[in-house]
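The structure appears below as structure tokens.
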Amino acid sequence: MATTVRRAVLTLPGAPLGEANPLPALRPRDELHRLDDRAREGLPRDMARQVGYEPLETLLPVRVLDGYGRRRSTVDLDTIVIENDRLRATVLPGLGGRVHSLFHKPTGRELLYTNPVFQPADFALNGAWFSGGIEWNIGATGHTTLSCAPLHAALVPAPDGGQMVRLWEWERLRDLPFQVDLWLPDDSDFLYVGVRIRNPHERTAPVYWWSNIAVEEGERTRVIAPADEAWHFGYERTLRRVPVPTWDGVDRTYPLRSEHPADYFYEVPDGARRWVASLDEGGRGLVQTSTDTLRGRKLFLWGSGRGGRRWQEWLTEPGTVGYAEIQAGLARTQLEHVPLDPGAEFAWLEAYGPLETDAALVHGPDWASARAEAEDRLERTLPRTTVDAAYAAWRPFADAEPGERLAAGSGWGALEALRTGVKLPGTPFPDLTLTQEQQPWLELMRSGVFPEPRKVAPPGATLVAPHWRDMLETAPADPLTEYHLGIAQWHAGDRAQAVRSWERGLPLAPSRWPLLRCLAVADQLSGHASRAADRYTEAYDDFCQERRDGEAWTAADAALGREAMEALLAAGRPADARAIWARLRPAVRERGRFRLIEAQLLLAEGDPAAARALFDAGFEVADLREGAETLNEVWARLTDDPLPDRYQYRMRPEE
């Protein structure tokens with residue numbers, strides 16, 4: 001059959017994403033992949049420089065997605081299916097453009113780990129993320145904020161004369177447009193993926209990219225890459241160079257032989273072909289290769305310990321097969337950001353397909369022979385020169401204008417295109433993609449005035465880039481403008497001026513709680529816990545007077561109520577925290593996150609038996625953060641008994 005592209009629907013059990021958190025993300029995220037100055041000592045000079053280059057301080061202007069739960073029902077996900085007589089790729093344009101499935105027809109094998117459920121969990125930079133497939137990570141260290149967001153998608157001409165699927169969006173953390181082009185030549189066993197990131201600004205931009213590939217793991221699954229050394233990063237936040245394959249007496253290329261979750265960033269020599277493969281006990285599996293720009297290769301493993309196994313179940317459901325991730329990135333490690341000059345671009349080609357090898361060699365005791373066998377089979381199946389030629393053939397088509405639209409992304413790119421007048425061949429951001437979310441900012445740009453909302457509602461999204469901050473500074477200083485201006489100033493690092501803006505907005509603000517909450521965060525981060533508690537109490541009082549029905553208000557209730565209770569408990573004021581608990585909506589109090597807060601509240605009130613009863617009754621914290629140990633800490637205050645497995649998510653060794 002000739003290659004075809006069609007739309008379809010994937011039906012599976014899934015949990016709804018829920019409303020976005022309406023509170024601006026002023027606090028730094030507790031990013032696991034971060035090193036202090038001392039830990040950077042001894043690293044190669046270029047790596048140390050890129051590890052320290054432009055780390056992400058806040059998520060602004062992106063909002064946190066933490067409104068999902070664990071209750072699943074049947075969901076229908078729109079897909080784009082690219083298919084020839086050898087391979088079938090299923091893409092989820094509404095969920096970051098992830099490749100959900102890559103099915104090899106001649107062997108009847110699924111090459112990826114395909115999650116049988118859609119279950120968001122707190123792994124992305126902004127919260128909601130789900131496991132499985134091939135995901136495209138752009139922005140900053142961590143899973144992209146677009147993990148659960150729609151991308152633009154359309155058909156464009158492919159280099160071989162067929163059709164190609166283009167995915168594109170405007171990444172907002174770094175203000176950079178990017179595209180992912182997927183095509184499947186007739187009779188090809190490999191899916192080709194052309195990626196381009198452009199910097200349309202007059203300043204150098206920090207860039208982060210990792211393609212993450214989930215693959216099934218078994219007792220005899222082995223990951224092979226062209227390296228004799230790797231950089232090991234564990235959840236104790238240390239980066240060290242280790243030998244491959246065996247370190248500390250364990251062959252780490254078999255994911256299930258390690259106990260704890262860890263990253264292994266392979267040190268691929270300069271000039272060597274870039275590839276990584278995951279092979280089963282029979283020597284069969286998936287291989288990913290690319291042109292040389294995509295430098296890094298990595299293995300992420302959950303390990304065989306209790307915490308890693310529990311996370312695997314949490315992300316899907318008990319009884320399903322486990323997975324590891326093989327990955328490819330612009331830098332050697334995921335702790336680095338790479339500078340992209342003004343007006344420049346990064347572009348490369350990736351290829352994904354099946355690999356069959358001699359099992360005795362790839363699972364043999366000699367690592368050099370295992371590597372050589374995998375690389376030789378890859379070269380015979382897909383020569384390096386073929387990949388380079390495919391990249392050269394794709395480059396003229398990267399600017400091809402999209403034809404039939406298959407899916408729509410956000411309107412933020414259209415807003416930036418209107419503001420700058422920038423022309424981005426191949427990735428248009430037309431006005432028709434603008435929504436109500438962009439309208440206030442469009443009016444500010446055109447009239448110089450930030451409009452008042454037409455109805456009482458939690459405040460909308462804030463833009464924080466320098467040009468938007470300049471517009472807010474020259475706009476009439478009404479309370480809502482001061483609110484947004486303060487957030488933009490906070491993002492720029494001018495915290496004192498941000499506080500002044502929020503304080504100026506308070507006296508005349510018809511809705512005071514958003515400003516009070518911002519001031520409370522500022523107090524917390526400057527060490528004024530008691531004053532922060534006062535601000536939160538006042539903010540929640542004002543919120544309750546304004547609260548309406550609807551999902552947006554419930555999301556605000558959960559977000560503000562949680563922050564206020566945590567601040568009051570930290571300030572040693574359990575009675576005030578209890579007063580907020582009493583006013584939370586019943587549906588909010590029933591959430592697992594609030595059951596955990598209730599246990600902390602009961603402990604503060606001197607009732608550990610009641611707190612223990614909550615654990616015994618059982619609850620699930622849907623938005624438990626990757627690497628979080630809050631459950632362990634609260635349990636340790638209750639009892640010396642071992643933590644039940646259902647609450648065990650620890651990802652690092654016991655100290």
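What FRET efficiency do you get for Arg241 and Thr435 if R0 is 35 Å and r is their Cβ-Cβ distance, rounded to the nearest 0.05? Taking R0 as 35 Å, the efficiency between Arg241 and Thr435 is 0.15.
Rg and Dmax, both from the Cα atoms of region 127-212 and both in Å, are 14.2, 44. Solvent exposure of region 512-639, expressed per residue, is 39 Å² of accessible area, with all protein chains present and a 1.4 angstrom probe.
The separation of region 574-602 from region 510-529, counted between C-alpha centres, amounts to 20 Å. Computing FRET efficiency as 1/(1 + (r/R0)^6) for Arg203 and Glu259, where r is the C-beta to C-beta distance and R0 is 45 Å, gives about 0.50.
Val91 exposes around 0 Å² of accessible area when a 1.4 Å probe is run over every protein chain in place. Split the accessible area of region 40-163 by element, probe 1.4 Å, and carbon with sulfur accounts for 46%. For region 359-422, the fraction of C-alpha pairs more than 19 angstrom apart is 65%.
Extension gain, Arg495 to Asp616: 0.36 nm times the residue separation minus the Cα-Cα distance gives 39.2 nm.
With Rg and the Kirkwood Rh both taken from Cα atoms, where does Rg over Rh land for region 62-207?
0.99
One quarter of the convex hull surface built on the alpha carbon atoms of region 484-607 amounts to 7.8 nm², the projected area averaged over directions. Each 10 Å bin from zero holds the following percent of Cα-Cα pairs in the chain: 3, 15, 25, 26, 19, 9, 2, 0.
Computed from label points 7 Å out along Cα-Cβ, the spacing between Glu317 and Glu633 is 3.3 nm. In this structure the amide hydrogen of His143, modeled in the peptide plane, comes within under 5 Å of the amide hydrogens of Leu125, none closer than 5 places in sequence on its chain.
With a 1.4 Å probe and all protein chains left in place, how much of the accessible area of region 544-655 comes from carbon and sulfur atoms, in whole percent? Write out the running numbers ahead of the final one.
On the way: 2310 of 5060 Å².
That fraction is 46 percent.
Surface listing: Leu569, Leu415 arranged by accessible area from highest to lowest gives Leu569, Leu415, probe 1.4 Å. When the Kirkwood hydrodynamic radius is evaluated over all pairs of different C-alpha atoms of region 196-344, what value in angstrom, to one decimal, is obtained? The Cα-based Kirkwood calculation yields 16.3 Å.
Relative to 2.2 N^0.38 Å, what does the C-alpha radius of gyration of region 264-369 come to as a ratio? Two decimals please. Mind showing how you got there, number by number?
Working: Rg = 16.6 Å, N = 106, 2.2 N^0.38 = 12.9 Å.
Dividing the Cα radius of gyration by 2.2 N^0.38 Å gives 1.28.
Report Arg593's accessible area, 1.4 Å probe, all protein chains in place, as a number in Å² to the nearest 10. Near enough 30 Å² of accessible area.
Determine how many Å³ per residue the convex hull of the Cα atoms of region 226-294 encloses. Provide the component values of the computation, followed by the final result.
Details: hull volume 7.4 nm³, N = 69.
With only Cα atoms used, region 226-294 gives 108 Å³ per residue.
Treating r as the C-beta distance of Glu379 and Arg7 and R0 as 30 Å, the FRET efficiency rounds to 0.25.
Region 365-470: D in µm²/s via Stokes-Einstein (Kirkwood Rh, Cα pairs, 20 °C, 1.002 mPa s)?
Values: Rh = 18.5 Å.
Once the numbers are plugged in, D ends up at 116 µm²/s.
For the chain, what does -39500 (n - 2.57) per DSSP helix run (n ≥ 4), summed and divided by total residues, give at 222 nm, in deg cm²/dmol to the nearest 500? Dividing the helical sum by the residues of the chain leaves -9000 deg cm²/dmol. Of the three principal axes defined by the Cα atoms of region 1-116, the extents in descending order read 56, 39, 22 Å. Residues in region 641-648 carry Karplus couplings, in order, of 5, x, 5, x, 4, 5, 10, 8 Hz; the curve used is 6.51 cos²θ - 1.76 cosθ + 1.60 with θ = phi - 60°, and Gly or Pro positions show x. Rolling a 1.4 Å probe over the protein heavy atoms gives region 411-474 an accessible area of 50 Å² per residue. The slack between Asp470 and Ala570, meaning 0.36 nm per residue of separation minus the straight C-alpha distance, is 32.3 nm.
Taking all protein chains as shown and a probe of 1.4 angstrom, Asp640 keeps an accessible surface of around 150 Å².
The charge dipole of the chain, taken about the Cα centre with unit charges on the Cβ atoms of Lys, Arg (+1) and Asp, Glu (-1), comes to about 720 debye, rounded to the nearest 20.
Translational diffusion coefficient, Stokes-Einstein: compute it for region 574-655 using the Kirkwood radius over C-alpha pairs as Rh, at 20 °C and 1.002 mPa s, and state it as an integer in µm² s⁻¹. Display every interim value, and only then the final one.
Working: Rh = 13.5 Å.
Stokes-Einstein gives a translational diffusion coefficient of 159 µm²/s.
The values are calculated or read from the model by the stated rules, or taken from the named source; none is laboratory data. A quick note: this is a predicted structure, and the numbers were derived from the prediction, not measured. We place every Cβ from the backbone using ideal geometry, glycine too, and count neighbours over all the protein chains shown. What goes into the accessible areas is simple: the full protein's heavy atoms, side chains included, and nothing from ligands, DNA or RNA. Shrake-Rupley method; radii C 1.70, N 1.55, O 1.52, S 1.80 Å.
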